[in-house]
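Q: Next up is a structure, given as structure tokens.
The values are calculated or read from the model by the stated rules, or taken from the named source; none is laboratory data. Quick caveat, the model's predicted, so the values are computed rather than measured. Neighbour counts run over all protein chains shown; Cβ positions are idealised from the backbone, glycine included.
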Amino acid sequence: MKFKKLIIENFRGFYGRHEIDFCNEDGSLNLIIAENEVGKTSLLNAVLWCLYDHLTKTSDRKDLIKNTQAKQDENCIVEVHLGPMPGKDKNDWLCLRRQITKGSKKSVPRAFDVNHVTEKETQRPFGEAVNQFLHQSLSKYYLFDGEGVHEILENENLLKSAILDIQGLNIAKRCLSDLKNYRDKKQAVLTKEQSQSNKGEEYASHNQQLRGKVETINGEIDELEGKTTEWETLRSQLRSEINDLGGDEIQKLISEQKKLEKTILPEAKRKVSLFENQRRGLIKEFGISIMGYNHIDSVNKWISTEEKTTGIPSHYEEAFIDGLEESGKCICGESFENHKKDKVHKARYDNIMNLRKDAKTDSIKVGISDIQALAKHIRKTIPAFNLKYEDTNTELDIRIEELKKHRDRFEEINGILSGSPEDEIAKRQSQIQKLKSKIQSNFTEIGAKKRDMRNMEITIKENENALKKINKNTFLEYQQKEIDFLQETINFLDELINETQAEGRKKIEVEMNDLLKNYARGDDSFEFRQDSYSPRMVSRGFEEIDKTIKGDIKVLSQGGSAVKRNLFFAVALTKISEIQSDLIDEYRIPGKKIPFFIDAPFSNLDSTNTSNAFKLLVENAFQLVLLISSSAFNNGIQELLEDKEYKKKLKKIYVLKRYYKGKLDTKNKDAKETPIIIKGKSYQTSFYDCEVETTKIEDFTKKFGIRA
């Protein structure tokens, strides 16, 4: 399948709906031209996000998918149309759609079978539909930016994985692992049924232990290789940071630090202090009401309850006086009857009776009225306090979070500027050296573990041969034959993987060197070191080292070498896959013919190298969607497109135009318009004072003289 159409709506820098129709004839060239920072990479990211829900490594603000100008009730949609569908009519194609619906932050993928204008959702899961076109593990070799495969050639494990991926061998290895697990389960059953032979049990038990150790060592090797890959990626990142460390960036950080220190942080602290004082003031304003609320409230509730029943003060009399009489006891605990015999109790009894008379006055009603009035005032006061407290607390939390964010940024900049660029470079070089030692140590340990595994596998084979001689049971013999068949299949698949792996390693070497001869200047050639996947580039028979790059990095030649190397490698990989797509009688996983979708592949190349790299892609692509700057277009490509051979391959050409809300800053050199020149005519691509800021896609196919 090839790219048929790309539809984007409110995706990153593209506001509104935009469509690009691609020509999907074999070998067709679809060209998209734009200045830097206008939207070329966003188009590549649209395809990657739609198919795999991720963006390129170099993308900033990876969380920002939906266009910031789009309203909440507007959707963010990307559709990738692919066709023709295998075994179907030419008007049938596959539509892969991913969208963020209004009010949501999560994307939803869906796949549709399309015929002309009708579409029907597929029965297959979305991932399965994508894999029919291009599995994610292979996407980085077909859909990439100019540096998309840069790390692979400097990392032996990634390079090996790339070649195995393109041959389908990583999947075959997983199949081999499953077969071994199945064999081990069958072997475990057989071992259990051979209990009549102590010697056989001994051999089987020993084998089970050895296989367990082999699996453990296998896991340890996988872990070591994973750690090695992680360290090698980190080492590449550190090297990139060394190259990127520059004065302009440091000056920007110093300026930002001063602004934080003198303006932003003091203002943030002032706002926090302001709202803290406001919160403290609430205690002064509402403190008495808050402290008295529970007490007054409970008293008032009691009074309300009693008033609705027997009333006050009559009930007061019953509760506090009659209750004592009915109980027959004084508050001191003695019986009231004693007052007739005891003068002390007589005096107490008389005193209680006098209190009873006092309780019948109206003075208690005045107290109750005061309590109810106070309770009513407090009930009105508390909601006002709660509202002011919540508002003040919310504002205070916001200001504290802002202050923390500014402080974190200040500390981050402090860390970055803790030393001079030279100090930072030295620090990273030291880290790289430590990583190199760790990686070498891992390689040594992996080698030792592999030797242990081989010795264990030899012992396992010897034990299996001994088991065959011991086992005389027909049923057990049948089980053993089944296991033998599994083992033979495992051996065959293992041998096939090793042969295909060696063949693929040689093929990539041959294919890449053929491409170098046809499309590169000089006597450069590509080869692997001995039996490893560690690549090197040699020139005129001896290894050439780029003196401008620190460390042992081998390159093709000076100037844009990494870019050229990446393109040669990617094209060589895809050619191997195309060759394997025709395999129908051999026992191996077939490859695929997949189109290229490449962003800015000609960085740092002069006009000659740009022309050669352009020829490389155009002449070897199944379908090519190329996103380039106007400088690359005018620096060798436009001239090539006048040639009939390349002109007939160019079927579609689009130009990206950027519309800005602000005015053109004539004092800023970077803001000036750089027009795109096509066939001698200049076209403006930047527009200012616009209502909406967006990138628009304009079809220049007819302007270039191409007939539909």
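Q: Quick one: what pairs do we get from the range 97-108, first residue modelled with pLDDT of 85 or more, second among the small types (Gly, Ala, Ser) and part of a strand (DSSP E or B), C-beta under 8 Å, 6+ apart or different chains?
A: So the pair list comes out as Arg97/Ala111.
Q: Taking the range 201-236 as the search range and keeping residues that are within 27 Å of the chain's Cα centre (by Cα) and β-branched (Val, Ile, Thr), which one is surrounded by the most Cβ atoms within 10 Å (Cβ to Cβ)?
A: The extreme case among them is Thr228.
Q: Can you tell me which residues in the range 157-172 are closer than 19 Å to Ile594 by Cβ and of a type in the set (D, E, K, R)?
A: Passing the criteria: only Asp165.
Q: Something else: Give the residue that is nearest to Phe3 (Cα to Cα), with candidates limited to residues of the range 595-645 that are β-branched (Val, Ile, Thr) and over 28 Å from the mean Cα position of the chain (by Cα).
A: Step by step, filter the range 595-645, then rank; the result is Val618.
Q: With respect to Val38, determine if the residue is touching a strand residue (DSSP E or B) at 6+ places or on another chain (Cβ under 6 Å), under 21 Å from Lys696 (Cα atoms), crowded, with 21+ Cβ neighbours inside 10 Å and assigned by TED's automatic domain parsing to the domain that holds Pro675.
A: no
Q: Quickly run through the range 1-44 and pick out the residues that are in contact with a Gly (Cβ under 8 Å, 6 or more places away or on another chain) and part of a strand (DSSP E or B).
A: Correct list: Lys2, Lys4, Glu9, Asn10, Phe14.
Q: Inside the range 77-96, can you point out the residues that are free of Cβ contacts under 8 Å to residues at least 40 places away in the same chain and in a strand (DSSP E or B)?
A: If the condition is that a residue be free of Cβ contacts under 8 Å to residues at least 40 places away in the same chain and in a strand (DSSP E or B), then Asp92, Cys95 are the ones that fit.
Q: For Glu37, work out the one condition from (1) farther than 14 Å from Phe11 by Cβ; (2) within 16 Å of the chain's Cα centre (by Cα) it doesn't fulfil.
A: (2)
Q: Restricting attention to the range 109-140, and to residues there that are surrounded by fewer than 13 Cβ atoms within 10 Å (Cβ to Cβ) and part of a strand (DSSP E or B), which single residue is farthest from the chain's Cα centre (by Cα)?
A: Thr118
Q: Can you tell me which residue within the range 516-532, out of those that are surrounded by 12 or more Cβ atoms within 10 Å (Cβ to Cβ) and small (Gly, Ala, Ser), is farthest from Phe569 (Cα to Cα)?
A: Only one residue fits best here, namely Ser532.
Q: Would you mention how many residues in the range 604-630 are in contact with a Ser or Thr (Cβ under 8 Å, 6 or more places away or on another chain) and closer than 20 Å to Glu35 by Cβ?
A: 2
Q: Among the residues of the range 237-244, is there at least one that is among the β-branched types (Val, Ile, Thr), modelled with pLDDT under 85, surrounded by 14 or more Cβ atoms within 10 Å (Cβ to Cβ) and in a helix (DSSP H, G or I)?
A: Yes.
Q: Also, I was wondering about something else. Anything in the range 49-78 that is under 18 Å from Ile7 (Cβ atoms) and β-branched (Val, Ile, Thr)? List them, or say none.
A: Ile65, Ile77, Val78, listed by residue number.
Q: Shifting gears a bit: Which ones in the range 45-73 are buried (at least 17 other Cβ atoms within 10 Å of the Cβ), at pLDDT 90 or above and part of a loop (DSSP other than H, G, I, E, B)?
A: Leu55, Ile65, Asn67, Ala70, listed by residue number.
Q: Mind listing whichever residues of the range 621-633 are assigned to a helix (DSSP H, G or I) and either in contact with a strand residue (DSSP E or B) (Cβ under 6 Å, 6 or more places away or on another chain) or at pLDDT 90 or above (or both)?
A: Ser630, Phe633
Per-residue answers, yes or no, for (1) of a type in the set (A, V, I, L, M); (2) loosely packed, with under 13 Cβ neighbours inside 10 Å; (3) part of a helix (DSSP H, G or I); (4) in contact with an Asp or Glu (Cβ under 8 Å, 6 or more places away or on another chain):
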{"site": "Gln479", "(1), (2), (3), (4)": "no, no, yes, yes"}
{"site": "Phe485", "(1), (2), (3), (4)": "no, yes, yes, no"}
{"site": "Phe492", "(1), (2), (3), (4)": "no, yes, yes, no"}
{"site": "Thr500", "(1), (2), (3), (4)": "no, no, yes, no"}
{"site": "Lys507", "(1), (2), (3), (4)": "no, no, yes, no"}
{"site": "Asp514", "(1), (2), (3), (4)": "no, no, yes, no"}
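Q: May I ask you to list the residues in the range 684-697 that are among the charged types (D, E, K, R) and surrounded by 13 or more Cβ atoms within 10 Å (Cβ to Cβ)?
A: Of everything in the range 684-697, those that are among the charged types (D, E, K, R) and surrounded by 13 or more Cβ atoms within 10 Å (Cβ to Cβ) turn out to be Glu693, Lys696.
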